[in-house]
Amino acid sequence: MGSWLEKRFQLNAFNTNIRTEILAGITTFVTMAYVLGTIPNMMGDAGLDRGVILTSMILLIIVTTVAMAFVTNRPFALAPGLGSVGIVVGMMANDGISPAITAGVIFWSGVIFVIISYVGLRDAVVKAIPASLKHAVSAGIGLFIALLGCKNAKLIVAVEGKNNLAWGDLASPVVMLALIGFVLILVTKTLKVPGYMIVSILITTVIGIPMGITKLPETLFTAPGNPFGNFLHIDLLGSLSFAYIPFLIALFVPDFFSTFGTALGVGAKAGYLDKDGNLPGIDRVFKVDAISTVVGSAFGMPCMTTYLESSAGVEAGGKTGLTAVSTSVCFAFMLLLTPIALMIPSAATAPALIIIGVGMMSSLRNIHFDDFTESFPAFICVAFTIFANNIANGICVALPVYLILKLASGRVREVPKAMYALIAVCILYFWTIV
(Lines give C-alpha, C1' and ligand atoms only; values in the text may rest on other atoms or scores of the structure.)
Protein backbone atom coordinates (compact mmCIF):
# COMPACT_ATOMS: atom_id res chain seq x y z
CA MET A 1 0.00 0.00 0.00
CA GLY A 2 2.81 2.38 0.89
CA SER A 3 4.53 1.87 -2.45
CA TRP A 4 1.26 2.35 -4.33
CA LEU A 5 0.55 5.59 -2.47
CA GLU A 6 4.07 6.78 -3.19
CA LYS A 7 3.72 6.00 -6.89
CA ARG A 8 0.24 7.52 -7.13
CA PHE A 9 0.81 10.72 -5.15
CA GLN A 10 4.58 11.17 -5.58
CA LEU A 11 5.12 11.74 -1.87
CA ASN A 12 8.93 11.81 -2.01
CA ALA A 13 8.92 14.31 -4.86
CA PHE A 14 6.86 16.68 -2.66
CA ASN A 15 9.05 15.97 0.39
CA THR A 16 6.19 14.53 2.45
CA ASN A 17 5.06 11.19 3.86
CA ILE A 18 1.89 9.18 4.53
CA ARG A 19 1.61 10.15 8.20
CA THR A 20 1.93 13.87 7.47
CA GLU A 21 -0.62 13.70 4.65
CA ILE A 22 -3.18 11.83 6.77
CA LEU A 23 -2.83 14.28 9.68
CA ALA A 24 -3.13 17.19 7.25
CA GLY A 25 -6.31 15.67 5.82
CA ILE A 26 -7.79 15.36 9.30
CA THR A 27 -6.87 19.00 9.94
CA THR A 28 -8.71 20.08 6.80
CA PHE A 29 -11.75 18.03 7.88
CA VAL A 30 -11.85 19.57 11.35
CA THR A 31 -11.57 23.05 9.84
CA MET A 32 -14.43 22.62 7.36
CA ALA A 33 -16.62 20.23 9.38
CA TYR A 34 -18.91 23.14 10.20
CA VAL A 35 -20.59 22.53 6.82
CA LEU A 36 -22.22 19.46 8.36
CA GLY A 37 -24.36 21.71 10.52
CA THR A 38 -24.59 25.00 8.63
CA ILE A 39 -25.56 23.89 5.14
CA PRO A 40 -28.34 21.38 6.02
CA ASN A 41 -29.81 23.98 8.40
CA MET A 42 -29.70 26.72 5.76
CA MET A 43 -31.28 24.46 3.12
CA GLY A 44 -33.75 23.11 5.66
CA ASP A 45 -34.93 26.63 6.48
CA ALA A 46 -35.71 27.00 2.76
CA GLY A 47 -38.08 24.02 2.95
CA LEU A 48 -35.85 21.10 1.94
CA ASP A 49 -35.35 17.88 3.90
CA ARG A 50 -32.27 18.33 6.13
CA GLY A 51 -31.56 14.59 6.26
CA VAL A 52 -31.55 14.24 2.47
CA ILE A 53 -29.35 17.33 2.09
CA LEU A 54 -26.87 16.11 4.71
CA THR A 55 -26.42 12.64 3.22
CA SER A 56 -26.21 13.77 -0.40
CA MET A 57 -23.82 16.59 0.60
CA ILE A 58 -21.45 14.20 2.37
CA LEU A 59 -21.43 11.82 -0.60
CA LEU A 60 -20.75 14.69 -3.00
CA ILE A 61 -17.93 15.97 -0.80
CA ILE A 62 -16.36 12.49 -0.80
CA VAL A 63 -16.69 11.88 -4.55
CA THR A 64 -15.63 15.35 -5.72
CA THR A 65 -12.72 15.66 -3.27
CA VAL A 66 -11.37 12.23 -4.24
CA ALA A 67 -11.72 13.23 -7.89
CA MET A 68 -9.71 16.39 -7.20
CA ALA A 69 -7.06 14.30 -5.45
CA PHE A 70 -6.59 11.83 -8.29
CA VAL A 71 -6.93 14.26 -11.21
CA THR A 72 -4.77 17.10 -9.84
CA ASN A 73 -2.77 15.55 -6.95
CA ARG A 74 -3.46 18.70 -4.97
CA PRO A 75 -4.63 18.87 -1.31
CA PHE A 76 -7.87 20.63 -2.25
CA ALA A 77 -11.20 19.62 -0.69
CA LEU A 78 -14.59 20.52 -2.17
CA ALA A 79 -17.99 21.24 -0.62
CA PRO A 80 -21.00 23.43 -1.42
CA GLY A 81 -19.86 27.06 -1.36
CA LEU A 82 -21.61 29.03 1.38
CA GLY A 83 -22.00 31.94 -1.02
CA SER A 84 -23.92 29.79 -3.49
CA VAL A 85 -25.90 28.23 -0.63
CA GLY A 86 -26.95 31.73 0.42
CA ILE A 87 -28.03 32.52 -3.14
CA VAL A 88 -29.95 29.25 -3.50
CA VAL A 89 -31.69 29.70 -0.14
CA GLY A 90 -32.62 33.27 -1.13
CA MET A 91 -34.02 32.08 -4.47
CA MET A 92 -36.31 29.56 -2.80
CA ALA A 93 -37.19 31.30 0.48
CA ASN A 94 -37.31 34.95 -0.61
CA ASP A 95 -38.16 34.83 -4.31
CA GLY A 96 -40.43 31.76 -4.26
CA ILE A 97 -38.46 29.95 -6.98
CA SER A 98 -39.08 26.20 -6.97
CA PRO A 99 -36.29 23.76 -6.04
CA ALA A 100 -36.48 22.26 -9.55
CA ILE A 101 -35.91 25.64 -11.23
CA THR A 102 -33.18 26.45 -8.71
CA ALA A 103 -31.41 23.15 -9.45
CA GLY A 104 -31.65 23.99 -13.16
CA VAL A 105 -29.97 27.35 -12.62
CA ILE A 106 -27.18 25.62 -10.68
CA PHE A 107 -26.81 23.13 -13.55
CA TRP A 108 -26.45 25.82 -16.22
CA SER A 109 -23.96 27.79 -14.12
CA GLY A 110 -21.92 24.59 -13.93
CA VAL A 111 -22.23 24.04 -17.68
CA ILE A 112 -20.89 27.54 -18.34
CA PHE A 113 -18.01 26.78 -15.98
CA VAL A 114 -17.31 23.50 -17.81
CA ILE A 115 -17.33 25.17 -21.23
CA ILE A 116 -15.00 27.93 -20.08
CA SER A 117 -12.68 25.41 -18.44
CA TYR A 118 -12.45 23.11 -21.46
CA VAL A 119 -12.46 25.72 -24.25
CA GLY A 120 -9.79 27.81 -22.54
CA LEU A 121 -11.78 31.00 -21.92
CA ARG A 122 -10.68 31.35 -18.31
CA ASP A 123 -8.60 34.49 -18.87
CA ALA A 124 -11.38 36.14 -20.91
CA VAL A 125 -13.89 35.64 -18.09
CA VAL A 126 -11.42 36.90 -15.50
CA LYS A 127 -11.10 40.14 -17.49
CA ALA A 128 -14.84 40.51 -18.29
CA ILE A 129 -15.80 41.77 -14.83
CA PRO A 130 -13.85 44.67 -13.27
CA ALA A 131 -11.83 43.80 -10.19
CA SER A 132 -13.81 46.22 -8.01
CA LEU A 133 -17.09 44.45 -8.83
CA LYS A 134 -15.57 41.00 -8.26
CA HIS A 135 -14.65 42.08 -4.75
CA ALA A 136 -18.05 43.72 -4.28
CA VAL A 137 -19.87 40.52 -5.28
CA SER A 138 -17.91 38.62 -2.64
CA ALA A 139 -18.65 41.27 0.01
CA GLY A 140 -22.33 41.42 -0.94
CA ILE A 141 -22.68 37.67 -0.62
CA GLY A 142 -20.86 37.85 2.71
CA LEU A 143 -23.30 40.42 4.06
CA PHE A 144 -26.19 38.34 2.72
CA ILE A 145 -24.87 35.25 4.55
CA ALA A 146 -24.41 37.27 7.76
CA LEU A 147 -28.02 38.44 7.49
CA LEU A 148 -29.14 34.83 7.03
CA GLY A 149 -27.27 33.97 10.22
CA CYS A 150 -29.03 36.78 12.09
CA LYS A 151 -32.41 35.57 10.81
CA ASN A 152 -31.67 31.93 11.70
CA ALA A 153 -30.77 33.04 15.21
CA LYS A 154 -34.05 35.02 15.42
CA LEU A 155 -31.83 37.98 16.29
CA ILE A 156 -33.24 39.93 13.34
CA VAL A 157 -36.85 39.44 12.24
CA ALA A 158 -39.21 40.94 9.67
CA VAL A 159 -41.74 43.25 11.31
CA GLU A 160 -45.24 42.02 10.56
CA GLY A 161 -47.21 44.53 8.51
CA LYS A 162 -44.14 46.68 7.84
CA ASN A 163 -41.43 46.52 5.20
CA ASN A 164 -38.49 46.56 7.55
CA LEU A 165 -36.32 44.40 9.80
CA ALA A 166 -35.97 44.81 13.56
CA TRP A 167 -34.64 43.08 16.65
CA GLY A 168 -36.25 39.79 17.51
CA ASP A 169 -37.21 38.75 21.04
CA LEU A 170 -33.79 39.18 22.67
CA ALA A 171 -34.97 37.32 25.78
CA SER A 172 -36.04 34.19 23.88
CA PRO A 173 -34.07 30.95 24.47
CA VAL A 174 -33.12 30.70 20.77
CA VAL A 175 -31.58 34.18 20.72
CA MET A 176 -29.83 33.58 24.04
CA LEU A 177 -28.30 30.34 22.77
CA ALA A 178 -27.19 32.04 19.55
CA LEU A 179 -25.54 34.84 21.56
CA ILE A 180 -23.74 32.27 23.72
CA GLY A 181 -22.52 30.59 20.54
CA PHE A 182 -21.43 33.94 19.12
CA VAL A 183 -19.34 34.71 22.21
CA LEU A 184 -17.82 31.22 22.07
CA ILE A 185 -16.87 31.53 18.42
CA LEU A 186 -15.33 34.98 18.99
CA VAL A 187 -13.25 33.74 21.93
CA THR A 188 -12.07 30.50 20.29
CA LYS A 189 -11.23 32.34 17.06
CA THR A 190 -9.24 34.96 18.95
CA LEU A 191 -7.40 32.24 20.89
CA LYS A 192 -6.73 30.43 17.57
CA VAL A 193 -8.24 27.18 18.80
CA PRO A 194 -7.81 24.51 16.07
CA GLY A 195 -11.17 23.87 14.41
CA TYR A 196 -12.63 26.73 16.46
CA MET A 197 -15.78 26.88 14.35
CA ILE A 198 -16.90 23.28 14.73
CA VAL A 199 -15.77 23.31 18.39
CA SER A 200 -17.99 26.33 19.10
CA ILE A 201 -20.92 24.80 17.23
CA LEU A 202 -20.67 21.54 19.19
CA ILE A 203 -20.38 23.29 22.58
CA THR A 204 -23.36 25.51 21.74
CA THR A 205 -25.35 22.44 20.69
CA VAL A 206 -24.66 20.79 24.06
CA ILE A 207 -25.64 23.96 25.95
CA GLY A 208 -28.89 23.94 23.99
CA ILE A 209 -29.94 20.57 25.48
CA PRO A 210 -31.00 21.83 28.95
CA MET A 211 -32.46 24.92 27.27
CA GLY A 212 -34.84 22.68 25.32
CA ILE A 213 -33.57 23.84 21.93
CA THR A 214 -31.32 20.92 21.00
CA LYS A 215 -33.38 17.78 20.51
CA LEU A 216 -31.46 14.60 21.32
CA PRO A 217 -31.72 11.84 18.68
CA GLU A 218 -32.97 8.38 19.59
CA THR A 219 -29.64 6.91 18.48
CA LEU A 220 -26.18 8.30 17.76
CA PHE A 221 -25.36 5.76 15.07
CA THR A 222 -27.54 4.95 12.10
CA ALA A 223 -27.39 3.86 8.50
CA PRO A 224 -26.99 6.75 6.04
CA GLY A 225 -30.22 8.40 4.96
CA ASN A 226 -31.55 8.38 1.42
CA PRO A 227 -29.28 10.67 -0.66
CA PHE A 228 -31.58 10.56 -3.70
CA GLY A 229 -34.55 12.44 -2.26
CA ASN A 230 -33.84 15.40 -4.56
CA PHE A 231 -32.11 13.45 -7.34
CA LEU A 232 -33.02 14.71 -10.83
CA HIS A 233 -35.74 17.00 -9.45
CA ILE A 234 -34.54 19.56 -11.95
CA ASP A 235 -36.20 21.78 -14.56
CA LEU A 236 -33.57 22.43 -17.24
CA LEU A 237 -35.82 24.26 -19.72
CA GLY A 238 -37.77 26.34 -17.20
CA SER A 239 -34.55 27.59 -15.62
CA LEU A 240 -33.47 29.16 -18.94
CA SER A 241 -36.00 32.01 -18.57
CA PHE A 242 -34.49 35.52 -18.75
CA ALA A 243 -35.81 36.10 -15.24
CA TYR A 244 -33.28 33.61 -13.87
CA ILE A 245 -30.21 34.70 -15.86
CA PRO A 246 -29.02 37.15 -13.15
CA PHE A 247 -29.15 34.30 -10.64
CA LEU A 248 -27.11 32.27 -13.10
CA ILE A 249 -24.50 35.03 -13.13
CA ALA A 250 -24.71 35.38 -9.35
CA LEU A 251 -23.94 31.66 -8.94
CA PHE A 252 -21.28 31.46 -11.63
CA VAL A 253 -19.22 34.54 -10.73
CA PRO A 254 -18.48 33.62 -7.07
CA ASP A 255 -17.92 29.95 -7.95
CA PHE A 256 -15.49 30.79 -10.75
CA PHE A 257 -13.51 33.44 -8.92
CA SER A 258 -13.61 31.58 -5.60
CA THR A 259 -12.01 28.59 -7.30
CA PHE A 260 -9.50 30.85 -9.02
CA GLY A 261 -8.58 32.68 -5.81
CA THR A 262 -8.56 29.59 -3.59
CA ALA A 263 -6.39 27.59 -6.00
CA LEU A 264 -3.85 30.40 -6.19
CA GLY A 265 -4.01 31.22 -2.47
CA VAL A 266 -3.67 27.66 -1.20
CA GLY A 267 -1.22 26.88 -3.99
CA ALA A 268 0.98 29.77 -2.88
CA LYS A 269 0.95 28.53 0.71
CA ALA A 270 1.94 25.05 -0.49
CA GLY A 271 4.74 26.46 -2.66
CA TYR A 272 3.17 25.40 -5.97
CA LEU A 273 3.32 28.71 -7.84
CA ASP A 274 5.93 29.27 -10.52
CA LYS A 275 8.13 32.37 -10.91
CA ASP A 276 5.28 34.23 -12.68
CA GLY A 277 2.80 33.53 -9.88
CA ASN A 278 0.87 30.93 -11.87
CA LEU A 279 -0.31 27.55 -10.57
CA PRO A 280 0.81 24.69 -12.83
CA GLY A 281 -2.15 22.44 -13.64
CA ILE A 282 -4.76 24.99 -12.58
CA ASP A 283 -6.85 24.02 -15.63
CA ARG A 284 -7.34 20.55 -14.13
CA VAL A 285 -8.50 22.15 -10.87
CA PHE A 286 -11.05 24.22 -12.81
CA LYS A 287 -12.32 21.20 -14.74
CA VAL A 288 -12.90 19.11 -11.60
CA ASP A 289 -14.56 22.04 -9.84
CA ALA A 290 -16.83 22.75 -12.84
CA ILE A 291 -17.92 19.14 -13.34
CA SER A 292 -18.55 18.83 -9.61
CA THR A 293 -21.07 21.69 -9.79
CA VAL A 294 -22.90 19.99 -12.67
CA VAL A 295 -23.02 16.66 -10.80
CA GLY A 296 -24.14 18.38 -7.60
CA SER A 297 -27.02 20.11 -9.38
CA ALA A 298 -28.57 16.71 -10.09
CA PHE A 299 -29.00 16.40 -6.32
CA GLY A 300 -30.22 19.98 -5.93
CA MET A 301 -26.93 20.88 -4.25
CA PRO A 302 -25.53 24.43 -4.53
CA CYS A 303 -22.25 24.91 -6.41
CA MET A 304 -19.55 22.51 -5.29
CA THR A 305 -16.37 24.53 -4.98
CA THR A 306 -12.77 24.27 -3.81
CA TYR A 307 -12.67 25.24 -0.13
CA LEU A 308 -10.29 27.82 1.26
CA GLU A 309 -10.17 25.71 4.43
CA SER A 310 -7.88 23.41 2.45
CA SER A 311 -5.16 25.87 3.47
CA ALA A 312 -5.38 24.49 7.03
CA GLY A 313 -4.28 21.09 5.74
CA VAL A 314 -1.47 22.68 3.75
CA GLU A 315 -0.36 24.54 6.86
CA ALA A 316 -0.27 21.17 8.65
CA GLY A 317 2.13 19.85 6.01
CA GLY A 318 -0.22 18.43 3.37
CA LYS A 319 1.12 18.75 -0.17
CA THR A 320 -0.52 16.06 -2.30
CA GLY A 321 -3.87 14.55 -3.17
CA LEU A 322 -3.46 12.08 -0.30
CA THR A 323 -4.37 14.92 2.04
CA ALA A 324 -7.67 15.38 0.17
CA VAL A 325 -8.34 11.62 0.23
CA SER A 326 -7.81 11.60 4.01
CA THR A 327 -10.31 14.44 4.35
CA SER A 328 -12.83 12.42 2.34
CA VAL A 329 -12.37 9.40 4.60
CA CYS A 330 -13.19 11.56 7.62
CA PHE A 331 -16.40 12.74 5.95
CA ALA A 332 -17.25 9.13 5.07
CA PHE A 333 -17.26 8.23 8.77
CA MET A 334 -19.82 10.99 9.31
CA LEU A 335 -22.31 9.02 7.19
CA LEU A 336 -22.78 6.78 10.24
CA LEU A 337 -23.12 9.76 12.58
CA THR A 338 -25.78 11.75 10.75
CA PRO A 339 -28.09 11.92 13.83
CA ILE A 340 -25.39 13.95 15.60
CA ALA A 341 -25.14 16.38 12.70
CA LEU A 342 -28.93 16.67 12.39
CA MET A 343 -29.39 17.46 16.09
CA ILE A 344 -27.39 20.69 15.69
CA PRO A 345 -29.94 23.55 15.90
CA SER A 346 -29.92 26.62 13.66
CA ALA A 347 -29.11 28.75 16.70
CA ALA A 348 -25.78 26.92 17.01
CA THR A 349 -24.75 27.38 13.38
CA ALA A 350 -26.05 30.95 12.97
CA PRO A 351 -23.00 32.55 14.68
CA ALA A 352 -20.73 30.67 12.25
CA LEU A 353 -22.66 32.14 9.31
CA ILE A 354 -22.28 35.65 10.73
CA ILE A 355 -18.52 35.21 11.24
CA ILE A 356 -18.06 33.72 7.76
CA GLY A 357 -20.13 36.47 6.17
CA VAL A 358 -18.28 39.25 7.94
CA GLY A 359 -15.00 37.63 6.90
CA MET A 360 -16.03 37.87 3.25
CA MET A 361 -16.45 41.62 3.68
CA SER A 362 -12.66 41.92 3.87
CA SER A 363 -12.54 41.87 0.06
CA LEU A 364 -13.70 45.51 0.13
CA ARG A 365 -10.20 46.58 1.13
CA ASN A 366 -9.07 45.78 -2.41
CA ILE A 367 -11.38 48.43 -3.90
CA HIS A 368 -9.88 51.82 -4.80
CA PHE A 369 -12.19 54.10 -2.82
CA ASP A 370 -10.34 57.15 -4.12
CA ASP A 371 -11.77 56.38 -7.57
CA PHE A 372 -15.52 57.13 -7.58
CA THR A 373 -16.06 55.23 -10.85
CA GLU A 374 -14.82 52.07 -9.11
CA SER A 375 -16.03 52.53 -5.53
CA PHE A 376 -19.61 53.68 -6.18
CA PRO A 377 -20.59 50.69 -8.40
CA ALA A 378 -19.04 48.43 -5.75
CA PHE A 379 -21.15 50.12 -3.06
CA ILE A 380 -24.25 49.78 -5.25
CA CYS A 381 -23.59 46.07 -5.69
CA VAL A 382 -23.31 45.46 -1.94
CA ALA A 383 -26.15 47.81 -0.96
CA PHE A 384 -28.75 46.48 -3.39
CA THR A 385 -27.85 42.91 -2.56
CA ILE A 386 -29.13 43.66 0.94
CA PHE A 387 -31.72 46.39 0.28
CA ALA A 388 -33.39 44.39 -2.50
CA ASN A 389 -32.85 41.12 -0.58
CA ASN A 390 -31.45 39.54 -3.72
CA ILE A 391 -27.86 39.01 -4.87
CA ALA A 392 -28.84 39.14 -8.55
CA ASN A 393 -30.32 42.61 -8.07
CA GLY A 394 -27.04 43.90 -6.65
CA ILE A 395 -25.08 42.69 -9.67
CA CYS A 396 -27.62 43.89 -12.23
CA VAL A 397 -27.72 47.41 -10.81
CA ALA A 398 -23.94 47.71 -10.39
CA LEU A 399 -22.92 46.75 -13.94
CA PRO A 400 -24.91 49.50 -15.76
CA VAL A 401 -23.86 52.06 -13.13
CA TYR A 402 -20.23 51.13 -13.76
CA LEU A 403 -20.67 51.73 -17.50
CA ILE A 404 -22.46 55.07 -16.98
CA LEU A 405 -19.70 56.38 -14.70
CA LYS A 406 -16.95 55.32 -17.09
CA LEU A 407 -18.78 56.97 -20.00
CA ALA A 408 -19.35 60.19 -18.04
CA SER A 409 -15.71 60.36 -17.00
CA GLY A 410 -14.41 59.73 -20.52
CA ARG A 411 -12.82 56.43 -19.49
CA VAL A 412 -14.95 54.06 -21.53
CA ARG A 413 -11.84 52.23 -22.69
CA GLU A 414 -11.57 50.80 -19.19
CA VAL A 415 -14.82 48.89 -19.70
CA PRO A 416 -14.06 45.28 -20.80
CA LYS A 417 -15.76 44.52 -24.12
CA ALA A 418 -17.26 41.29 -22.79
CA MET A 419 -18.95 43.33 -20.08
CA TYR A 420 -21.37 44.85 -22.60
CA ALA A 421 -22.94 41.40 -23.04
CA LEU A 422 -23.44 41.14 -19.27
CA ILE A 423 -25.04 44.60 -19.17
CA ALA A 424 -27.43 43.55 -21.95
CA VAL A 425 -28.45 40.60 -19.78
CA CYS A 426 -29.07 42.98 -16.87
CA ILE A 427 -31.33 45.15 -19.04
CA LEU A 428 -33.29 42.06 -20.12
CA TYR A 429 -33.61 41.08 -16.46
CA PHE A 430 -35.14 44.43 -15.50
CA TRP A 431 -37.36 44.25 -18.58
CA THR A 432 -38.80 40.94 -17.33
CA ILE A 433 -39.47 42.56 -13.93
CA VAL A 434 -41.20 45.60 -15.42
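The values are calculated or read from the model by the stated rules, or taken from the named source; none is laboratory data. Model, not experiment: these values are computed from the prediction. Note that each Cβ is placed from the backbone with ideal geometry, even for glycine, and that neighbours are counted across all protein chains shown. The protein model used for the area step is the full one, side chains on, heavy atoms only, and it has no ligands, DNA or RNA in it. Shrake-Rupley method; radii C 1.70, N 1.55, O 1.52, S 1.80 Å.
Kirkwood Rh, Cα Rg: Rg to Rh for region 63-102?
1.22
Mind listing the Cα extents of region 374-430 along all three principal axes, in Å, largest one first?
32, 23, 14
Would you please give the residues with an amide H less than 5 Å from that of Ile156, counting only those at least 5 places away or on a separate chain, with H modeled from the backbone geometry?
Here the answer is Lys151, Gly168, since their amide H atoms fall under 5 Å of that of Ile156.
If the limit is 22 Å between Cα atoms, which of Lys134/Lys192; Lys154/Lys215; Lys134/Lys189; Lys7/Lys319; Lys189/Lys215; Lys189/Lys287 go over it?
Lys134/Lys192; Lys134/Lys189; Lys189/Lys215; Lys189/Lys287
Over all directions, the average projected area of the alpha-carbon convex hull for region 1-41 comes to how many nm²?
If I average the Cα hull's projected area over directions, I get 3.7 nm².
Out of residues 5 or more away from Thr305 or on other chains, whose amide H comes under 5 Å of its own, with H placed 1.01 Å from N in the peptide plane?
Correct list: Ala79, Gly81.
When N counts the residues of the chain, how does its alpha-carbon radius of gyration compare numerically with 2.2 N^0.38 Å, as a ratio?
For the chain, the normalised Cα radius of gyration comes out at 0.97.
Across region 93-102, in residue order, what do the Karplus-derived ³J(HN,Hα) couplings come to in whole Hz, using 6.51 cos²θ - 1.76 cosθ + 1.60 with θ = phi - 60° and x for Gly and Pro?
Each residue of region 93-102 in turn: 7, 8, 9, x, 7, 5, x, 5, 5, 4 Hz.
Please list Ile249, Ile18 from largest to smallest accessible area, probe radius 1.4 Å, with all protein chains kept in place.
Result, largest first: Ile18, Ile249.
With labels modelled as points extended 7 Å from the Cα through the Cβ direction, what inter-label distance (nm, one decimal) is found for Asp49 paired with Lys162?
4.0
Could you tell me the ratio Rg/Rh of region 284-388? Both radii from Cα atoms, Rh via Kirkwood.
For region 284-388, the value is 1.05.
Relative contact order for the chain using alpha-carbon pairs under 8 Å, separation at least 6, rounded to a whole percent?
35
Looking at the calculated P(r) for region 134-207, what percent of the C-alpha pair distances fall above 22 Å?
Working: 997 of 2701 pairs.
Roughly 37 percent, once rounded to a whole number.
Taking region 323-434, how much of its Cα-Cα pair set, in percent, is spaced more than 26 angstrom apart?
Roughly 45 percent, once rounded to a whole number.
In Å, what Rg and Dmax follow from the Cα atoms of region 57-159?
16.6, 51
Can you work out the Karplus-derived ³J(HN,Hα) for every residue in region 332-340? Use 6.51 cos²θ - 1.76 cosθ + 1.60 with θ = phi - 60°, whole Hz, and x for glycine or proline.
Couplings: 4, 4, 5, 4, 8, 10, 4, x, 5 Hz.
Please sort 148-154, 72-78 by packing, taking for each peptide the average over its residues of neighbouring beta carbons within 10 angstrom, highest first.
72-78, 148-154
Could you work out the longest stretch of the chain that avoids the GluC sites (Glu not before Pro) located in DSSP loops with at most 11 other Cβ atoms within 10 Å?
219-434
Tell me, what ³J(HN,Hα) does each residue in region 74-81 have, in order and in whole Hz, if you take phi through Karplus 6.51 cos²θ - 1.76 cosθ + 1.60 with θ = phi - 60° and put x for Gly and Pro?
So the J values, rounded to whole Hz, are 10, x, 9, 9, 10, 6, x, x.
Give me the distance in nm between label points sitting 7 Å out from Cα along the Cα-to-Cβ direction at Asn17 and Asp371, one decimal.
Taking the two extended label points, one gets 5.1 nm.
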